[in-house]
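Enquirer: Below are the C-alpha coordinates for one structure; questions will follow.
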Amino acid sequence: NAGVTQTPKFQVLKTGQSMTLQCAQDMNHEYMSWYRQDPGMGLRLIHYSVGAGITDQGEVPNGYNVSRSTTEDFPLRLLSAAPSQTSVYFCASSQSTSGNLEQYFGPGTRLTVT
Amino acid sequence: GENVEQHPSTLSVQEGDSAVIKCTYSDSASNYFPWYKQELGKRPQLIIDIRSNVGEKKDQRIAVTLNKTAKHFSLHITETQPEDSAVYFCAASNDYKLSFGAGTTVTVRA
(Lines give C-alpha, C1' and ligand atoms only; values in the text may rest on other atoms or scores of the structure.)
Protein backbone atom coordinates (compact mmCIF):
# COMPACT_ATOMS: atom_id res chain seq x y z
CA ASN A 1 0.00 0.00 0.00
CA ALA A 2 1.21 3.50 -0.81
CA GLY A 3 -0.83 4.89 2.10
CA VAL A 4 -1.73 8.57 1.71
CA THR A 5 -0.13 10.37 -1.22
CA GLN A 6 -0.11 14.07 -2.05
CA THR A 7 0.90 16.02 -5.12
CA PRO A 8 2.64 18.30 -5.72
CA LYS A 9 5.30 18.39 -3.00
CA PHE A 10 6.10 22.05 -3.63
CA GLN A 11 4.17 24.81 -5.40
CA VAL A 12 4.62 28.53 -5.91
CA LEU A 13 1.59 30.57 -6.93
CA LYS A 14 0.98 34.20 -7.68
CA THR A 15 -1.78 36.04 -5.84
CA GLY A 16 -5.12 35.39 -7.54
CA GLN A 17 -4.14 32.13 -9.21
CA SER A 18 -6.09 28.96 -8.54
CA MET A 19 -4.89 25.41 -8.15
CA THR A 20 -5.82 21.99 -6.83
CA LEU A 21 -3.83 20.01 -4.29
CA GLN A 22 -4.27 16.30 -4.85
CA CYS A 23 -4.72 13.69 -2.14
CA ALA A 24 -5.31 9.98 -2.55
CA GLN A 25 -5.35 6.97 -0.23
CA ASP A 26 -5.41 3.27 -1.06
CA MET A 27 -6.48 1.96 2.35
CA ASN A 28 -10.25 2.20 1.72
CA HIS A 29 -10.55 4.72 4.54
CA GLU A 30 -13.90 6.39 5.05
CA TYR A 31 -12.65 9.58 6.66
CA MET A 32 -10.36 12.08 4.93
CA SER A 33 -9.34 15.57 5.92
CA TRP A 34 -7.15 18.53 5.02
CA TYR A 35 -5.02 20.48 7.49
CA ARG A 36 -2.77 23.45 7.16
CA GLN A 37 0.31 23.84 9.33
CA ASP A 38 1.71 27.24 10.17
CA PRO A 39 4.64 27.98 12.51
CA GLY A 40 3.57 28.08 16.15
CA MET A 41 -0.05 27.17 15.39
CA GLY A 42 -0.11 23.42 15.11
CA LEU A 43 -2.35 21.87 12.49
CA ARG A 44 -5.72 23.41 11.72
CA LEU A 45 -8.56 21.55 10.05
CA ILE A 46 -9.70 23.05 6.74
CA HIS A 47 -12.30 20.56 5.42
CA TYR A 48 -13.16 16.96 6.06
CA SER A 49 -15.22 14.14 4.57
CA VAL A 50 -16.82 11.13 6.27
CA GLY A 51 -17.43 9.32 2.98
CA ALA A 52 -17.87 9.72 -0.77
CA GLY A 53 -20.27 12.55 -1.55
CA ILE A 54 -20.11 14.02 1.97
CA THR A 55 -17.94 16.98 2.95
CA ASP A 56 -18.01 19.56 5.71
CA GLN A 57 -16.10 22.59 6.91
CA GLY A 58 -13.44 22.55 9.56
CA GLU A 59 -11.91 25.38 11.54
CA VAL A 60 -10.44 27.44 8.65
CA PRO A 61 -12.45 26.73 5.45
CA ASN A 62 -12.48 30.18 3.84
CA GLY A 63 -10.78 30.32 0.44
CA TYR A 64 -10.83 26.53 -0.04
CA ASN A 65 -13.21 24.06 -1.68
CA VAL A 66 -13.29 20.28 -1.56
CA SER A 67 -15.21 17.44 -3.15
CA ARG A 68 -15.25 13.68 -2.57
CA SER A 69 -16.49 11.84 -5.64
CA THR A 70 -14.66 8.61 -4.77
CA THR A 71 -13.50 6.95 -1.57
CA GLU A 72 -9.87 7.24 -2.68
CA ASP A 73 -9.54 10.91 -3.68
CA PHE A 74 -10.04 14.15 -1.78
CA PRO A 75 -8.72 17.18 -3.70
CA LEU A 76 -8.39 20.62 -2.15
CA ARG A 77 -9.00 23.62 -4.40
CA LEU A 78 -7.68 27.10 -3.79
CA LEU A 79 -10.05 29.44 -5.58
CA SER A 80 -7.98 32.64 -5.66
CA ALA A 81 -4.66 32.28 -3.87
CA ALA A 82 -3.65 34.84 -1.26
CA PRO A 83 -0.31 35.27 0.60
CA SER A 84 -2.12 34.24 3.81
CA GLN A 85 -2.52 30.77 2.29
CA THR A 86 1.24 30.24 2.28
CA SER A 87 1.54 27.13 4.43
CA VAL A 88 2.24 23.43 4.50
CA TYR A 89 -0.84 21.39 3.68
CA PHE A 90 -1.38 17.87 4.97
CA CYS A 91 -4.03 15.41 3.91
CA ALA A 92 -5.00 12.65 6.34
CA SER A 93 -7.27 9.62 6.39
CA SER A 94 -8.62 7.18 8.94
CA GLN A 95 -10.43 3.89 8.73
CA SER A 96 -13.68 4.91 10.31
CA THR A 97 -15.47 7.69 12.05
CA SER A 98 -15.54 5.41 15.08
CA GLY A 99 -13.55 2.39 16.17
CA ASN A 100 -10.01 2.77 14.85
CA LEU A 101 -9.50 6.53 14.91
CA GLU A 102 -5.80 6.71 14.01
CA GLN A 103 -5.26 9.27 11.29
CA TYR A 104 -2.56 8.66 8.69
CA PHE A 105 -0.95 11.73 7.18
CA GLY A 106 0.36 12.29 3.68
CA PRO A 107 3.85 13.76 3.09
CA GLY A 108 2.54 17.31 2.73
CA THR A 109 2.52 20.05 0.09
CA ARG A 110 4.53 23.19 0.74
CA LEU A 111 2.70 26.11 -0.89
CA THR A 112 4.08 29.61 -1.31
CA VAL A 113 1.87 32.44 -2.57
CA THR A 114 3.70 35.56 -3.73
CA GLY B 1 -15.49 24.15 19.03
CA GLU B 2 -12.70 22.34 20.80
CA ASN B 3 -9.73 24.35 22.07
CA VAL B 4 -6.51 22.53 22.93
CA GLU B 5 -3.68 24.26 24.78
CA GLN B 6 -0.22 22.71 24.98
CA HIS B 7 2.72 23.52 27.29
CA PRO B 8 5.58 24.09 27.17
CA SER B 9 6.27 25.34 23.65
CA THR B 10 9.93 24.30 23.91
CA LEU B 11 11.61 21.73 26.13
CA SER B 12 15.31 20.95 26.43
CA VAL B 13 16.35 17.85 28.39
CA GLN B 14 19.57 16.00 29.06
CA GLU B 15 19.84 12.61 27.42
CA GLY B 16 18.52 10.00 29.82
CA ASP B 17 16.22 12.40 31.66
CA SER B 18 12.42 12.44 31.39
CA ALA B 19 10.29 14.85 29.36
CA VAL B 20 6.71 15.81 30.18
CA ILE B 21 4.31 17.70 27.92
CA LYS B 22 0.89 18.82 29.15
CA CYS B 23 -2.31 19.60 27.27
CA THR B 24 -5.73 20.86 28.29
CA TYR B 25 -8.94 20.67 26.28
CA SER B 26 -12.24 22.50 26.53
CA ASP B 27 -14.93 20.18 25.10
CA SER B 28 -16.12 17.57 27.58
CA ALA B 29 -17.47 15.53 24.63
CA SER B 30 -13.93 14.81 23.39
CA ASN B 31 -13.17 11.13 23.77
CA TYR B 32 -9.97 10.45 21.84
CA PHE B 33 -6.55 11.94 22.60
CA PRO B 34 -3.66 11.13 20.25
CA TRP B 35 -0.07 12.33 20.37
CA TYR B 36 1.90 12.91 17.18
CA LYS B 37 5.63 13.27 16.62
CA GLN B 38 6.88 15.33 13.71
CA GLU B 39 10.49 15.41 12.61
CA LEU B 40 11.77 18.33 10.58
CA GLY B 41 10.30 18.31 7.08
CA LYS B 42 8.32 15.13 7.70
CA ARG B 43 4.68 14.26 8.24
CA PRO B 44 3.16 13.89 11.72
CA GLN B 45 3.16 10.30 12.94
CA LEU B 46 1.09 8.83 15.75
CA ILE B 47 3.16 7.68 18.71
CA ILE B 48 0.46 6.89 21.26
CA ASP B 49 -3.22 7.55 21.85
CA ILE B 50 -5.74 7.16 24.65
CA ARG B 51 -9.51 6.94 24.84
CA SER B 52 -11.66 8.67 27.42
CA ASN B 53 -12.49 5.40 29.19
CA VAL B 54 -8.81 4.82 30.05
CA GLY B 55 -6.74 6.79 32.56
CA GLU B 56 -3.25 5.76 31.53
CA LYS B 57 -1.52 3.97 28.68
CA LYS B 58 2.12 2.98 28.27
CA ASP B 59 4.22 1.86 25.33
CA GLN B 60 7.86 1.21 26.20
CA ARG B 61 9.39 4.62 27.10
CA ILE B 62 6.24 6.58 26.30
CA ALA B 63 3.18 6.98 28.50
CA VAL B 64 0.07 9.11 28.38
CA THR B 65 -2.22 10.00 31.29
CA LEU B 66 -5.72 11.45 31.09
CA ASN B 67 -7.71 13.32 33.73
CA LYS B 68 -11.24 13.73 32.36
CA THR B 69 -12.46 15.71 35.35
CA ALA B 70 -9.78 18.35 34.95
CA LYS B 71 -9.78 18.02 31.14
CA HIS B 72 -6.07 17.55 30.82
CA PHE B 73 -3.73 14.90 29.48
CA SER B 74 0.02 14.51 29.48
CA LEU B 75 2.79 12.78 27.53
CA HIS B 76 5.70 11.31 29.46
CA ILE B 77 8.91 10.21 27.76
CA THR B 78 11.42 8.42 29.97
CA GLU B 79 15.11 7.79 29.34
CA THR B 80 15.19 10.30 26.51
CA GLN B 81 17.45 9.65 23.54
CA PRO B 82 18.72 11.96 20.76
CA GLU B 83 16.19 10.44 18.34
CA ASP B 84 13.39 11.76 20.58
CA SER B 85 14.25 15.29 19.42
CA ALA B 86 11.24 16.47 17.39
CA VAL B 87 8.05 18.50 17.61
CA TYR B 88 5.25 16.79 19.55
CA PHE B 89 1.58 17.61 19.09
CA CYS B 90 -1.32 16.66 21.29
CA ALA B 91 -4.84 16.53 19.89
CA ALA B 92 -8.39 15.97 21.03
CA SER B 93 -11.31 14.57 19.07
CA ASN B 94 -15.02 13.84 19.41
CA ASP B 95 -14.78 10.80 17.12
CA TYR B 96 -13.24 12.22 13.95
CA LYS B 97 -12.43 15.92 13.92
CA LEU B 98 -8.99 16.44 15.46
CA SER B 99 -8.12 19.72 17.20
CA PHE B 100 -4.38 20.11 17.71
CA GLY B 101 -2.27 21.89 20.28
CA ALA B 102 0.37 24.33 19.01
CA GLY B 103 3.21 21.85 19.51
CA THR B 104 6.24 21.36 21.76
CA THR B 105 9.76 21.38 20.33
CA VAL B 106 11.76 18.83 22.31
CA THR B 107 15.55 18.93 22.17
CA VAL B 108 17.54 16.13 23.77
CA ARG B 109 21.08 17.24 24.68
CA ALA B 110 23.80 14.63 24.45
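The values are calculated or read from the model by the stated rules, or taken from the named source; none is laboratory data. Quick caveat: nothing in here was measured; it's all calculated off a predicted structure. All Cβ positions, even for glycine, are placed from backbone atoms using ideal geometry, and neighbour counts span all protein chains on display. Accessible surface is based on the protein model in full, side chains and every heavy atom, while ligands, DNA and RNA are left aside. Shrake-Rupley method; radii C 1.70, N 1.55, O 1.52, S 1.80 Å.
Enquirer: Which residues of segment B:43-59 bury at least 10 Å² of accessible area once all protein chains are present, versus their chain alone (1.4 Å probe)?
Expert: So the qualifying set is B:R43, B:P44, B:L46, B:R51.
Enquirer: Do the alpha carbons of any pairs in B:K22/B:K42; B:K37/B:K68; B:K22/B:K68; B:K22/B:K57; A:K9/B:K97; B:K22/B:K58 sit beyond 18 Å of each other, and which pairs? Show your work: numbers first, answer last.
Expert: Numbers: B:K22/B:K42 23 Å; B:K37/B:K68 23 Å; B:K22/B:K68 14 Å; B:K22/B:K57 15 Å; A:K9/B:K97 25 Å; B:K22/B:K58 16 Å.
Beyond 18 Å between Cα atoms: B:K22/B:K42; B:K37/B:K68; A:K9/B:K97.
Enquirer: What residues qualify as long-range amide H neighbours of A:M19, i.e. H under 5 Å apart, gap of 5 or more or another chain, H built at 1.01 Å from N?
Expert: Residues meeting the criterion, in which the H sits 1.01 Å from N, are A:L78.
Enquirer: Work out which residues of segment A:41-59 lose at minimum 40 square angstrom of accessible surface when the other protein chains are put back, relative to the chain isolated, with a 1.4 angstrom probe, and list them by number.
Expert: By number: A:L43, A:Y48.
Enquirer: Take the Cβ-Cβ distance between A:N62 and A:T7 as r, set R0 to 35 Å, and report the resulting FRET efficiency rounded to the nearest 0.05. All intermediate terms of the calculation are to be shown ahead of the outcome.
Expert: Values: r = 24 Å, r/R0 = 0.68.
So the FRET efficiency works out to roughly 0.90.
Enquirer: While we're here: Cα atoms only: what Rg and Dmax, in Å, come out for chain A?
Expert: 13.3, 42
Enquirer: Follow-up. Determine the shielding of peptide B:27-36 by partner chains: average, over its residues, the number of Cβ atoms on other chains within 10 angstrom of each Cβ.
Expert: Working: counts 0, 0, 0, 0, 2, 3, 0, 3, 0, 4.
For this peptide, the per-residue mean of nearby foreign Cβ atoms is 1.
Enquirer: Over all directions, average the projected area of the Cα convex hull of segment B:1-74 and note it in nm².
Expert: Working: hull surface 23.5 nm².
For segment B:1-74, the mean projected area of the Cα convex hull comes to 5.9 nm².
Enquirer: Return the inverse of the average 1/r over all pairs of distinct C-alpha atoms in the protein assembly as shown, which is the Kirkwood hydrodynamic radius, in Å to one decimal.
Expert: Values: mean 1/r = 0.0556 Å⁻¹.
Computed over Cα pairs of the protein assembly as shown, the Kirkwood hydrodynamic radius comes out at 18.0 Å.
Enquirer: Enter the accessible area per residue of chain B (Å², integer; probe 1.4 Å; all protein chains in place). List each step's numbers first, then the result.
Expert: On the way: 5540 Å² over 110 residues.
Accessible area per residue: 50 Å².
Enquirer: What total accessible area, in Å², is buried where chains B and A meet, using a 1.4 Å probe and rounding to the nearest 100?
Expert: Details: alone 6390 and 5910 Å², together 10650 Å².
Rounded to the nearest hundred, the buried surface is 1700 Å².
Enquirer: Follow-up. First compute the accessible area of segment A:1-50 with a 1.4 Å probe, then give the percent of it belonging to carbon and sulfur atoms. Provide the component values of the computation, followed by the final result.
Expert: Values: 1220 of 2350 Å².
Using a 1.4 Å probe with all protein chains present, segment A:1-50 comes out at 52 percent carbon and sulfur.
Enquirer: Please work out the average accessible area per residue across segment A:8-101, using the 1.4 Å probe convention, and give it in Å². It would help to have the intermediate numbers written out before the result.
Expert: Values: 4210 Å² over 94 residues.
The answer is 45 Å² per residue.
Enquirer: Quick one: 3J(HN,Hα) in Hz for segment A:58-65, Karplus 6.51/-1.76/1.60 with θ = phi - 60°, rounded, Gly and Pro as x.
Expert: Computed from phi, the couplings for segment A:58-65 are x, 6, 10, x, 5, x, 10, 10 Hz.
Enquirer: Take B:D17 and A:T114, extend 7 Å from each Cα along the Cα→Cβ direction, and tell me the distance between the two endpoints in nm.
Expert: 4.4 nm
Enquirer: Something else now. Report the local net charge at A:S67: Lys and Arg +1, Asp and Glu -1, summed over other residues whose C-beta lies under 15 Å from its C-beta. List each step's numbers first, then the result.
Expert: Details: positive: A:R68, A:R77; negative: A:D56, A:E72, A:D73.
My count for the surroundings of A:S67 gives -1.
Enquirer: First compute the accessible area of segment B:1-57 with a 1.4 Å probe, then give the percent of it belonging to carbon and sulfur atoms. Don't skip to the answer; put the middle values down first.
Expert: On the way: 1370 of 3150 Å².
With neighbouring chains kept in place, the figure for segment B:1-57 is 44 percent.
Enquirer: Quick query: amide H of B:S12 versus all other amide H atoms, modeled in the peptide plane; which residues come in under 5 Å with a sequence gap of 5 or more or a different chain?
Expert: Hits under the 5 Å cutoff: B:T107.
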